[in-house]
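Asker: Before I ask anything, here is the structure I am working with.
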């Protein structure tokens with residue numbers, strides 16, 4: 001049993017490495033539009049994976065995650081527009097504001113559990129959206145805030161590699177956090193907070209930590225995304241946006257590491273391929289989520305693994321049977 | 001703009017009127033929460049369904065003179081939809097031995113909300129529709145009010161009163177209250193809790209549909225018109241405390257007044273922000289809301 005798992009793990013590392021290498025050499029064959037789709041997928045991979053840390057691993061069902069991406073973008077965009085600061089300062093501002101706001105929100109919802117937390121974080125993101133829309137004299141509201149691009153050249157190849165590197169680094173950091181004892185603390189909090197507390201897990205500390213951590217990651221992703229699409233509007237804060245992230249994670253598998261990595265690209269690519277169908281897309285995805293929740297709650301990733309495992313096991317049994325009995 | 005007592009009175013009346021309509025929405029959410037301990041994120045979509053049914057009935061079948069029949073019709077129809085949705089999507093929370101009910105309830109109703117909203121956009125297009133005006137304007141004191149808005153106010157008051165009677169003076173109402181206090185206890189008394197759940201969900205979404213149908217001529221009919229109704233409903237239940245019926249009514253009136261008076265004294269552009277400021281302040285002082293009870297750990 002132990003050995004088979006170790007074997008599977010090595011295969012996973014190998015697969016991850018191959019995918020990264022594949023993505024690194026892919027631009028040679030990809031057009032600008034295809035590159036754009038990959039960039040979009042990578043952005044949503046970061047968002048979905050970091051939201052999964054909150055909802056999937058810690059049981060903090062936050063509905064404010066998209067607002068941190070927007071916050072990162074707006075913090076940098078506003079500073080650059082009004083104070084003409086260099087991009088690096090904008091980047092640092094994005095990190096600091098999302099970190100502080102994440103900590104503040106974490107404090108606010110610390111005592112809340114389950115549904116209360118979902119509603120309170122939702123209230124936070126809605127009030128943030130309304131404030132941005134209402135303060136249109138500064139933020140230009142629905143007209144959109146212009147944000148300078150990161151590179152002078154219009155070629156998306158630079159953004160492509162930037163997002164690829166960003167995704168790899170951030171996923172690696174998240175993976176290491178989850179592998180460390182912190183990952184076990186978070187899972188313990190999700191399973192039974194009271195029991196975790198009784199066993200000496202500092203639940204306050206780790207809940208605050210994960211909220212701040214995930215928010216900062218969303219802020220970094222939002223900063224780069226904002227400077228890629230070069231215009232920011234309150235649409236980025238809408239409930240649809242977090243709905244999309246929830247769909248991606250549930251589709252791939254809530255509380256699994258690979259879940260968001262599969263769910264996000266699948267949903268982004270499907271939406272782009274079937275652009276003409278417009279709203280039918282969302283009808284279809286939300287129906288999928290309902291079916292997944294009703295039937296196989298662990299999501300596509302887990303289903304695929306189980307099928308592979310069974311397949312692997314069958315083969316082994318077959319091999320064992322083929323051996324001539326002494 | 002100078003502020004005269006008369007103006008103040010007018011805005012207080014306007015605030016009260018909209019507050020009562022908010023209350024209808026909030027009552028549905030809080031009622032469902034009190035029985036099943038779940039939040040229905042698709043509440044606004046039931047409001048939307050109610051307004052669409054009212055529009056369709058008035059335009060194609062009844063004509064503007066019989067608009068009140070349309071309201072009853074849309075309430076009945078959405079009640080039935082609620083029964084079916086609860087049976088198919090919500091009851092597995094309790095029958096299939098699920099571990100993470102909160103997570104399931106939240107994800108499924110968020111998906112349901114996206115599903116209904118986008119399905120309606122596909123089916124009827126994103127156009128804004130109106131069932132027309134039913135009633136001539138009326139004057140309350142010195143405040144001119146559109147007749148439909150006044151009718152919606154009266155209708156909402158009537159429904160809240162009926163809901164109050166149902167809850168306090170009927171056997172079913174007692175069963176609802178008992179279920180909200182102790183789900184196991186009512187079962188030992190021989191009440192079928194699954195039936196109670198189903199009825200509670202259907203009544204809750206029916207109240208939202210009633211709000212949608214009553215407000216169809218005022219706030220118009222389009223696929224995402226439930227979003228603002230959901231926002232107000234959730235604000236109110238956080239302010240009033242989740243699961244508390246008096247909290248929902250008082251919270252709704254408080255919100256209506258805050259918005260109305262805030263737009264006089266401060267700025268009408270920030271109208272939608274006031275509710276959230278009130279909400280964040282309440283959360284900081286008393287995280288369970290004005291009438292909310294402290295949640296028990298585990």
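The values are calculated or read from the model by the stated rules, or taken from the named source; none is laboratory data. Every value quoted in this text rests on a predicted model; they were computed, and no experiment measured them. Using ideal geometry, Cβ is built from the backbone for each residue, glycine included, and neighbour counts are taken over all protein chains shown.
Asker: So which helices (runs of 4 or more DSSP H) are wholly in the range A:97-203 and hold at least 1 residues that are away from chain B (no Cβ under 13 Å) and within 18 Å of the chain's Cα centre (by Cα)?
Answerer: Those helices (runs of 4 or more DSSP H) span A:157-179, A:181-191.
Asker: Examine the range B:217-228 for a residue that is part of a helix (DSSP H, G or I), surrounded by 23 or more Cβ atoms within 10 Å (Cβ to Cβ) and out of contact with any strand residue (DSSP E or B) (no Cβ under 8 Å at 6 or more places or on another chain), and state whether such a residue exists.
Answerer: yes
Asker: Residue check, residue A:114 against (1) at positive phi; (2) surrounded by fewer than 19 Cβ atoms within 10 Å (Cβ to Cβ), all met but one. Which one?
Answerer: In the conditions (1) at positive phi; (2) surrounded by fewer than 19 Cβ atoms within 10 Å (Cβ to Cβ), residue A:114 misses (2) alone.
Asker: I would also like to ask the following. Can you name every residue in the range A:237-254 that is within 10 Å of another protein chain (Cβ to nearest Cβ) and within 12 Å of the chain's Cα centre (by Cα)?
Answerer: A:242, A:244, A:246, A:247, A:249, A:250, A:254
Asker: State yes or no: is residue A:77 touching a strand residue (DSSP E or B) at 6+ places or on another chain (Cβ under 7 Å) and either crowded, with 17+ Cβ neighbours inside 10 Å or within 14 Å of chain B (Cβ to nearest Cβ) (or both)?
Answerer: yes
Asker: Residues in the range B:145-185 that are in a loop (DSSP other than H, G, I, E, B) and farther than 30 Å from residue B:65 by Cα: how many?
Answerer: The total comes to 2.
Asker: Also, I was wondering about something else. Given (1) more than 13 Å from chain B (Cβ to nearest Cβ); (2) more than 18 Å from residue B:110 (Cα to Cα); (3) in contact with a helix residue (DSSP H, G or I) (Cβ under 7 Å, 6 or more places away or on another chain), identify the lone condition not met by residue A:234.
Answerer: Condition (1) is where residue A:234 drops out.
Asker: Kindly indicate whether residue A:299 is at pLDDT below 70, in the same structural domain as residue A:52 (by TED's automatic domain parsing) and surrounded by 13 or more Cβ atoms within 10 Å (Cβ to Cβ).
Answerer: Yes.
Asker: Tell me whether the range A:121-128 contains one or more residues that are out of contact with any helix residue (DSSP H, G or I) (no Cβ under 8 Å at 6 or more places or on another chain) and without any contact (Cβ under 8 Å) to a residue 24 or more places away in the chain. Lay out the reasoning, then the answer.
Answerer: Quick first cut of the range A:121-128, residues out of contact with any helix residue (DSSP H, G or I) (no Cβ under 8 Å at 6 or more places or on another chain) only: none.
No, the range A:121-128 contains no residue that is out of contact with any helix residue (DSSP H, G or I) (no Cβ under 8 Å at 6 or more places or on another chain) and without any contact (Cβ under 8 Å) to a residue 24 or more places away in the chain.
Asker: Let me confirm something: among B:292, B:243, which residue is surrounded by fewer than 24 Cβ atoms within 10 Å (Cβ to Cβ) and at positive phi?
Answerer: So the residue among B:292, B:243 that is surrounded by fewer than 24 Cβ atoms within 10 Å (Cβ to Cβ) and at positive phi is B:243.
Asker: Tell me which helices (runs of 4 or more DSSP H) are completely within the range A:1-94 and hold 2 or more residues being assigned by TED's automatic domain parsing to the domain that holds residue A:125, or say none if there are none.
Answerer: Helices (runs of 4 or more DSSP H) meeting the threshold: A:32-52, A:65-83.
Asker: Any chance you could count how many residues in the range B:66-105 are crowded, with 19+ Cβ neighbours inside 10 Å and either out of contact with any helix residue (DSSP H, G or I) (no Cβ under 8 Å at 6 or more places or on another chain) or at the interface with chain A (Cβ under 9 Å from one of its Cβ atoms) (or both)?
Answerer: Counting residues in the range B:66-105 that are crowded, with 19+ Cβ neighbours inside 10 Å and either out of contact with any helix residue (DSSP H, G or I) (no Cβ under 8 Å at 6 or more places or on another chain) or at the interface with chain A (Cβ under 9 Å from one of its Cβ atoms) (or both) gives 5.
Asker: Among the residues of the range B:124-136, write down those that are more than 14 Å from every other protein chain (Cβ to nearest Cβ) and in a loop (DSSP other than H, G, I, E, B). Explain how you work it out, then say what you get.
Answerer: So the first thing to find is which residues in the range B:124-136 are more than 14 Å from every other protein chain (Cβ to nearest Cβ), and the list is B:128-136.
Matches in the range B:124-136: B:128, B:130, B:131, B:132, B:133, B:134, B:135, B:136.
Asker: Next up: Please work out which one of (1) in contact with a helix residue (DSSP H, G or I) (Cβ under 6 Å, 6 or more places away or on another chain); (2) surrounded by 20 or more Cβ atoms within 10 Å (Cβ to Cβ); (3) over 24 Å from residue B:176 (Cα atoms); (4) more than 10 Å from every other protein chain (Cβ to nearest Cβ) is the condition residue B:257 fails and give its number.
Answerer: Result: residue B:257 fails condition (2) only.
Asker: Which one of B:270, B:255, B:207, B:214 is part of a helix (DSSP H, G or I) and more than 17 Å from the chain's Cα centre (by Cα)?
Answerer: Answer to the selection: B:270.
Asker: Quick one: which of B:121, B:139 is at pLDDT below 90, out of contact with any helix residue (DSSP H, G or I) (no Cβ under 8 Å at 6 or more places or on another chain), surrounded by fewer than 20 Cβ atoms within 10 Å (Cβ to Cβ) and not in a loop (DSSP other than H, G, I, E, B)?
Answerer: It is B:139.
Asker: Would you confirm whether any residue within the range B:4-26 is within 14 Å of another protein chain (Cβ to nearest Cβ) and in contact with a helix residue (DSSP H, G or I) (Cβ under 9 Å, 6 or more places away or on another chain)?
Answerer: Within the range B:4-26 (the criterion being within 14 Å of another protein chain (Cβ to nearest Cβ) and in contact with a helix residue (DSSP H, G or I) (Cβ under 9 Å, 6 or more places away or on another chain)), the answer is yes, since at least one residue qualifies.
Asker: Oh, and also: Among residues belonging to the range A:203-232 that are touching a strand residue (DSSP E or B) at 6+ places or on another chain (Cβ under 8 Å) and buried (at least 19 other Cβ atoms within 10 Å of the Cβ), point out the one that is modelled with the lowest pLDDT.
Answerer: Residues of the range A:203-232 that are touching a strand residue (DSSP E or B) at 6+ places or on another chain (Cβ under 8 Å), as a first pass: A:226, A:230-232.
Subset that is buried (at least 19 other Cβ atoms within 10 Å of the Cβ): A:226, A:232.
Working: A:226: 90, A:232: 87.
Here the answer is A:232.
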